[in-house]
Amino acid sequence: MIERPIIALDFDSKAEITTFLNQFPSEESLFVKVGMEIFYQEGPAIVDWLKKAGHNIFLDLKLHDIPNTVERSMTGLAKMGVAITTVQAAGGLEMMQQAKEGLKKGTAVGESVPQVIAVTQLTSTSQEQMQKEQLIQATLEESVLHYAKIAQEADLDGVVCAAWEASKIHETTTQDFMCLTPGIRPQGSAVDDQKRVVTPNKARALGSSAIVVGRPITLASDPYKAYQEIKTDWKEANK
């Protein structure tokens, strides 16, 4: 269980991230998500900079390619010292297995191997979209559970999923199989482009192991206050 909300740093530049982080106490150690938006602008240097500032990194690049390419890429990512990274479950069993092997190869002796989790179905995807555009005729839930089983078979640490799916994923896999949940919105917050959203408190109650929060924090008039409120809502659900 990750007790801090993971903040999605979905910005266009290091300068924007600096402005955002300056609104937090300098001693506050955060768990932050570095996704494609900022990684493709700033490169690996952004990860190194955030780590030196004392933050934990969820590097969300959603690798999806042939197994050998993913393995070699993960070997490089492991050397950055990130805590968590991702692959697309649709890449298949062998690709996910090779992703794990690549992380092991790239991790220095004595260091912790980064966790790798699989993206099942994006929280912006509806069942109608999945069936029409991906030609998957199963239900959305069936697709997610199927991907979760394959990810566990590949020895991955968990999946990215909607909070509504977490409980059944734990039943299908194990209780310690990570269910990392995006699409988190505090009560009364705008849904934006997400379709399957819940509050932090509800996510915890449904079985989420970790939550990722972006715009409700990054676009808040007082980001630190918004972060603390979401953190409290997330943690108190377990009391």
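What ranking do 142-148, 108-114 get when scored by the average of other Cβ atoms within 10 Å per residue, highest first?
Numbers: 142-148: 20.6, 108-114: 10.7.
My ranking of the peptides, most packed first, is 142-148, 108-114.
Mind checking which aspartates and glutamates have their C-alpha under 16 Å from Lys104, skipping anything on the same chain fewer than 8 residues away?
Result set, ordered by chain and number: Glu71, Glu94, Asp155, Asp157.
Past the 22 Å Cα-Cα mark, which pairs from Lys62/Lys202; Lys202/Lys235; Lys62/Lys149; Lys14/Lys52; Lys14/Lys231; Lys52/Lys225?
Check vs 22 Å cut-off fails for Lys62/Lys202; Lys14/Lys231; Lys52/Lys225.
Relative contact order for segment 1-133 using alpha-carbon pairs under 8 Å, separation at least 6, rounded to a whole percent?
That works out to 20 percent.
What order, most packed first, do the peptides 207-214, 20-27, 221-228 have when packing is the mean number of other Cβ atoms within 10 Å of each residue?
Highest mean packing first, the order is 207-214, 221-228, 20-27.
Taking Cα pairs under 8 Å and at least six residues apart, what relative contact order does the chain come out at, in percent? Please report the intermediate quantities before stating the final value.
Details: 460 pairs, mean separation 45.3, N = 239.
19 percent.
Can you tell me how much longer the chain between Glu101 and Tyr40 gets when fully stretched, taken as 0.36 nm per residue apart minus their C-alpha distance, in nm with one decimal?
Net length gain for the segment: 19.5 nm.
Ranked highest first by average number of other Cβ atoms within 10 Å, how do 131-140, 115-124 line up?
On the way: 131-140: 12.5, 115-124: 22.6.
Packing proxy ranking, top to bottom: 115-124, 131-140.
Using helices alone, I'd like the mean residue ellipticity at 222 nm for the chain: each DSSP H run of four-plus residues gives -39500 (n - 2.57), total over residue count, nearest 500.
After summing the helix terms and dividing by residue count, I get -13000 deg cm²/dmol.
Measure off 7 Å from each Cα along the Cα-to-Cβ vector at Ser124 and Thr69, then give the distance between these two points in nanometres to one decimal.
2.2
Nothing charged except the Cβ atoms of Lys and Arg (+1) and of Asp and Glu (-1): what's the magnitude of the dipole of the chain about its Cα centre? Round to the nearest 20 debye.
It comes to approximately 300 debye.
Among Phe58, Leu30, Gln127, whose Cα projects farthest towards the positive end of the dipole of the chain, with charges put on the beta-carbon of Lys, Arg (+1) and Asp, Glu (-1)?
Ranked along the dipole, the leading option is Leu30.
If the chain between Glu141 and Met1 were fully stretched, how many nm would it gain, using 0.36 nm times the residue separation less the Cα-Cα distance? Spell out each step's value before the answer.
On the way: separation 140, 0.36 × 140 = 50.40 nm, distance 2.28 nm.
Extending this stretch completely gives an extra 48.1 nm.
Quick check on segment 57-173: take the gyration tensor over C-alpha atoms, sort the square-rooted eigenvalues as a ≥ b ≥ c, and tell me if it's rounded (a/c under 1.5), prolate or oblate.
prolate
With the cut-off at 1.5 for a/c, could you classify segment 6-236 from its C-alpha gyration tensor as rounded, prolate or oblate? Present the calculation step by step, with values, prior to reporting the outcome.
Values: a/c = 1.66, a/b = 1.11, b/c = 1.50.
It is oblate, given that a/c is not under 1.5 and a/b is not larger than b/c.
Please work out how much length the chain gains when fully extended from Thr19 to Thr174, using 0.36 nm per residue of separation minus the C-alpha to C-alpha distance, in nm with one decimal.
51.8 nm
With a point put 7 Å past each Cα toward its Cβ, work out how far Gln131 is from Val113 in nm, to one decimal.
Placing both labels 7 Å along Cα→Cβ, they lie 3.9 nm apart.
What distance in nm separates the two pseudo spin-label positions at Thr232 and Ala205, each 7 Å out from Cα along the beta-carbon direction?
So the label points at Thr232 and Ala205 sit 1.8 nm apart.
Every number in this text was worked out from the coordinates using simple rules, so none of it is lab data. These figures come from a predicted structure and were not determined experimentally. Note that we place each Cβ from the backbone using ideal geometry, even for glycine, and neighbour counts take in every protein chain shown.
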